[in-house]
Amino acid sequence: GAVVSQHPSRVICKSGTSVKIECRSLDFQATTMFWYRQFPKQSLMLMATSNEGSKATYEQGVEKDKFLINHASLTLSTLTVASAHPEDSSFYICSATAGSGGNTIYFGEGSWLTVV
Amino acid sequence: GQNIDQPTEMTATEGAIVQINCTYQTSGFNGLFWYQQHAGEAPTFLSYNVLDGLEEKGRFSSFLSRSKGYSYLLLKELQMKDSASYLCAVYNPNDYKLSFGAGTTVTVRA
């Protein structure tokens, strides 16, 4: 079964509203979580790195005031798309790591966001 | 910085073999991943190579040469369900980040 759960899997919202996506590690403590965005027929682009109890580190070009990340506990990180616009419509995926080895990275199921 | 290259598309016939190459130049390296991703779904883990050589898992095999910055994913006895995008990703232990290639779309034809 899935060790990283993402919710909601699909969401449609009106332009100008905010949307929150949750990423939970189900049976391990995730010291670090990552948020990716993927446009159709493109690869995964890392948006930010989220560490429990500290501010997220954003990749170049990602607006931190628009994509708000909160990593309040070792099992939960949230991504809030503030004042969403149609161009924010995309597939958002989180991943979580339980340790320092590369083989401990787990992906969530992804969330489709459509802004109308 | 990270530079990861893989072909954009490949087409093969059902039952055949396809090899997807990936070359990388990265600032930190501690393993190379291959993922399969069907349209509209999250990536699915296929393999993780840390040491040089070939690792085989059923119909899928993955090879790594760290000195050459090169890996390949070999898909044997292709099935229609293997039609998907295959992503090569390098793991950097310094920041725990995965850097992805653009992905190779494999189309299997009857």
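The values are calculated or read from the model by the stated rules, or taken from the named source; none is laboratory data. Remember, it's a predicted structure, so these values are computed and weren't measured experimentally. Quick reminder, even Gly has a Cβ in these numbers, built from the backbone with ideal geometry, and neighbours come from all protein chains shown.
Residues in segment A:50-85 that are at pLDDT below 90 and farther than 21 Å from A:S18 by Cα: A:N51, A:E52, A:G53, A:S54, A:S73, A:L74.
Quick check on segment A:33-41. Is at least one of its residues in a loop (DSSP other than H, G, I, E, B), at pLDDT 95 or above and closer than 21 Å to B:A39 by Cβ? Outline the logic, then answer.
Our first condition is that a residue be in a loop (DSSP other than H, G, I, E, B); within segment A:33-41, this holds for A:39-41.
Narrowing further to those that are at pLDDT 95 or above: none.
No - not one qualifying residue is present in segment A:33-41.
Output yes when any residue across segment B:59-71 is in contact (Cβ under 8 Å) with a residue 60 or more places away in the chain and closer than 27 Å to A:Q6 by Cβ, and no when none is. Steps first, answer last, please.
Pass one, segment B:59-71, residues in contact (Cβ under 8 Å) with a residue 60 or more places away in the chain: none.
Scanning segment B:59-71, I find no residue that is in contact (Cβ under 8 Å) with a residue 60 or more places away in the chain and closer than 27 Å to A:Q6 by Cβ, so the answer is no.
Restrict the check to segment A:47-60 and report whether at least one residue is of a type in the set (A, V, I, L, M, F, W, C) and in a strand (DSSP E or B). Yes.
Filtering segment A:66-95 to residues that are part of a loop (DSSP other than H, G, I, E, B) and more than 14 Å from every other protein chain (Cβ to nearest Cβ) leaves A:K66, A:L74, A:T75, A:A82, A:S83, A:A84, A:H85.
Under the condition of being over 10 Å from the mean Cα position of the chain (by Cα) and in contact (Cβ under 8 Å) with a residue 12 or more places away in the chain, the residues counted in segment A:55-69 number 6.
Based on this model, can you work out whether B:Y91 counts as among the hydroxyl-bearing types (S, T, Y), within 14 Å of another protein chain (Cβ to nearest Cβ) and surrounded by 13 or more Cβ atoms within 10 Å (Cβ to Cβ)?
On the way: among the hydroxyl-bearing types (S, T, Y): yes; within 14 Å of another protein chain (Cβ to nearest Cβ): yes; surrounded by 13 or more Cβ atoms within 10 Å (Cβ to Cβ): yes.
Spelling it out, B:Y91 is indeed among the hydroxyl-bearing types (S, T, Y), within 14 Å of another protein chain (Cβ to nearest Cβ) and surrounded by 13 or more Cβ atoms within 10 Å (Cβ to Cβ).
Checking the stated criteria, B:K57 turns out not to satisfy the condition of being surrounded by 13 or more Cβ atoms within 10 Å (Cβ to Cβ) and over 23 Å from B:N3 (Cβ atoms).
Any residue that is within 12 Å of chain A (Cβ to nearest Cβ) and under 30 Å from A:E59 (Cβ atoms) - is there at least one of those in segment B:56-76?
no
For A:L44, the conditions (1) more than 27 Å from B:T105 (Cα to Cα); (2) surrounded by 16 or more Cβ atoms within 10 Å (Cβ to Cβ); (3) at pLDDT below 95 all hold with the exception of (1). Filtered by the rule that a residue be under 18 Å from A:S73 (Cβ atoms) and within 12 Å of chain B (Cβ to nearest Cβ), segment A:1-34 gives A:V3, A:V4, A:S5, A:Q6, A:C23, A:A30, A:T31, A:T32, A:M33, A:F34. Checking every residue in segment B:24-43 against the condition of being touching a helix residue (DSSP H, G or I) at 6+ places or on another chain (Cβ under 7 Å), more than 10 Å from every other protein chain (Cβ to nearest Cβ) and in contact (Cβ under 8 Å) with a residue 60 or more places away in the chain gives zero matches.
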